[in-house]
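Beneath this line is the structure, given in structure tokens, with notes to follow.
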Amino acid sequence: MRFISSRTQFEGEFFLPGDKSITHRAVMLNAGADGEAVVTNALMGEDCISTCRAMQALGADVQTDGTTIQVKGTPCFQTGKRLDCGNSGTTMRLLTGFVAGKGIQATLYGDASLSSRPMNRIAKPLSLLGAKVTTTDGHAPILVEPSTLCGADISLEVASAQVKSAVLLAGISAEGKTSVTEPVLSRDHTERMLKAMGADIAVDGKKTTVSKSALRAVDVCVPSDISSAAYFMALGALKGYTVCKNVGVNPTRTGILRAFDKLGVQYTLNNRRVSGGEETADIAVKRSTLKAITLTAEDVPAMIDELPLIALLCAFADGESIISGAKELRVKESDRIATTAELINRMGGECYAREDGFIIRGKKKLIGGDVDSYLDHRIAMTAAVGLIASEKGGNIAREECCAISFPDFFDKLDV
Ligand code: S3P
């Protein structure tokens, strides 16, 4: 339990941890490549540690030193292992595709939250490639058994980078061509990294095609995670002025900036550059008067992890905001439609949960109060932003779960 006081002002320049999605991929893809790679500014959150441990269990040489990870693959992955994915959906879903591609047997399991999340969404498309993936009633534990993979054309029902990546990681080991098409483009870090590693890959809008490819290891310098920066950007908008340095601004991840445009948040992107195939920038945000917004399904994938925070910002706006087409939030680390609505309401806001999103009646303020993280890192961090910007502050219970993606979050906030 941690008390968060309200503040009238929040200012500063912040270096946020490395991107979670890119760190997972840098470790997993390099472990499956020829040669040795160094990953710098890696996120050492619990989710990425789950990926490092799983790759070690499979026989890769993965050494960590602070935020640097050295990765060396193995030509002969260990079979018959039980792989602990912890709380991490990205570890479990990408690794299922990876293991299927290596033709080995493995059992993937996770904690209670991960074990309640849907896994048929990967089992189904992978089985179309010939993979033998057996879930436990659509959930983890997942058993992957050796099989020969053959390319196929796959259309995904949900826009999910985790599912798309699982198919691509299996597809680079399949005979022939594998293509995967999504309803709305999701984050494309896997595609970019596979390309940098020499894979035969072509992207055409929402359709990506890969052929059997040997990968060569590449060093990755990980940009800061826009999903972690988002909390500091929001505090700049609500309470003063913040600058987040060297943040990844890959367009498939910058939905929050498009939400900022609608909300009327004043921000600038400075020092734009490209590093390792990913765009980065320093993002400066200043105190802004917020107005109500509407977001729909097309907007959602590029801001999926920021939606609880965006809903919170809507509570500080003037008027009624509507967020729809976000049903995927129901199957994240918590049911984020239910938990976000409850969080905002407990702090004195007015948020109504709908099947696929929210209606938020913005009152330009929150009172504060005692809240819970529901053991969901993004809800814990959204709560902290809400309480800092509220009139009275309040306690967050079970806030330690922010270590999943941002271990020193509360130190950085200085609370
Ligand atoms: C991720 C993709 C998203 C996101 C998750 C990380 C990834 O999940 O919510 O935090 O690294 O591929 P979905 O692909 O299931 O939407």
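Scan (1) over 18 Å from the mean Cα position of the chain (by Cα); (2) without any contact (Cβ under 8 Å) to a residue 40 or more places away in the chain; (3) outside any strand (DSSP E or B) for the single condition residue 214 breaks and write down its number.
Result: residue 214 fails condition (2) only.
Would you call residue 396 closer than 16 Å to residue 344 by Cα and either outside any loop (DSSP other than H, G, I, E, B) or out of contact with any Gly (no Cβ under 6 Å at 6 or more places or on another chain) (or both)? Full working, then the answer.
Values: closer than 16 Å to residue 344 by Cα: yes; either outside any loop (DSSP other than H, G, I, E, B) or out of contact with any Gly (no Cβ under 6 Å at 6 or more places or on another chain) (or both): yes.
Answer is yes for this residue.
Please find, among 229, 281, 292, 237, the residue that is outside the structural domain of residue 176 (by TED's automatic domain parsing), surrounded by 24 or more Cβ atoms within 10 Å (Cβ to Cβ) and more than 24 Å from residue 333 (Cβ to Cβ).
The conditions single out 237.
Quick check: is even one residue across the stretch 249-262 among the aliphatic types (A, V, I, L, M) and over 19 Å from the mean Cα position of the chain (by Cα)?
no
Name the pairs: first residue in the stretch 328-353 and without any contact (Cβ under 8 Å) to a residue 12 or more places away in the chain, second residue outside any helix (DSSP H, G or I), Cβ to Cβ under 6 Å, at least 6 apart or on different chains?
Between residues of the stretch 328-353 that are without any contact (Cβ under 8 Å) to a residue 12 or more places away in the chain and residues that are outside any helix (DSSP H, G or I), the close pairs are 345/351; 352/359.
Would you check if there is a residue in the stretch 45-57 being assigned to a loop (DSSP other than H, G, I, E, B), touching a Phe, Trp or Tyr at 6+ places or on another chain (Cβ under 7 Å) and within 15 Å of the ligand (Cβ to nearest atom)?
Yes, there is a match, as at least one residue in the stretch 45-57 is assigned to a loop (DSSP other than H, G, I, E, B), touching a Phe, Trp or Tyr at 6+ places or on another chain (Cβ under 7 Å) and within 15 Å of the ligand (Cβ to nearest atom).
Pairs needed: first member in the stretch 56-84, at pLDDT 95 or above and among the small types (Gly, Ala, Ser); second member anywhere, surrounded by fewer than 17 Cβ atoms within 10 Å (Cβ to Cβ) and in a loop (DSSP other than H, G, I, E, B); C-beta distance under 8 Å; at least 6 residues apart or different chains.
57/78; 59/74; 59/76; 59/78; 60/74; 80/105
Determine whether residue 364 is on the phi > 0 side of the Ramachandran plot, surrounded by fewer than 17 Cβ atoms within 10 Å (Cβ to Cβ) and more than 15 Å from the ligand (Cβ to nearest atom).
Spelling it out, residue 364 is indeed on the phi > 0 side of the Ramachandran plot, surrounded by fewer than 17 Cβ atoms within 10 Å (Cβ to Cβ) and more than 15 Å from the ligand (Cβ to nearest atom).
Looking at the stretch 124-153, which of its residues are within 16 Å of the ligand (Cβ to nearest atom) and surrounded by 20 or more Cβ atoms within 10 Å (Cβ to Cβ)?
So the first thing to find is which residues in the stretch 124-153 are within 16 Å of the ligand (Cβ to nearest atom), and the list is 124-126, 135, 138-140, 142.
Within the stretch 124-153, 125, 126, 140, 142 qualify.
So residue 71 passes all but one of these: (1) at negative phi; (2) surrounded by fewer than 23 Cβ atoms within 10 Å (Cβ to Cβ); (3) away from the ligand (no atom under 16 Å from the Cβ); (4) not basic (Lys, Arg). Which condition number does it fail?
(2)
The values are calculated or read from the model by the stated rules, or taken from the named source; none is laboratory data. Quantities reported herein were computed from a predicted structural model and do not represent experimental measurements. Methodologically, a virtual Cβ is constructed for each residue, glycine included, from the backbone with ideal geometry; neighbour enumeration extends over all protein chains shown.
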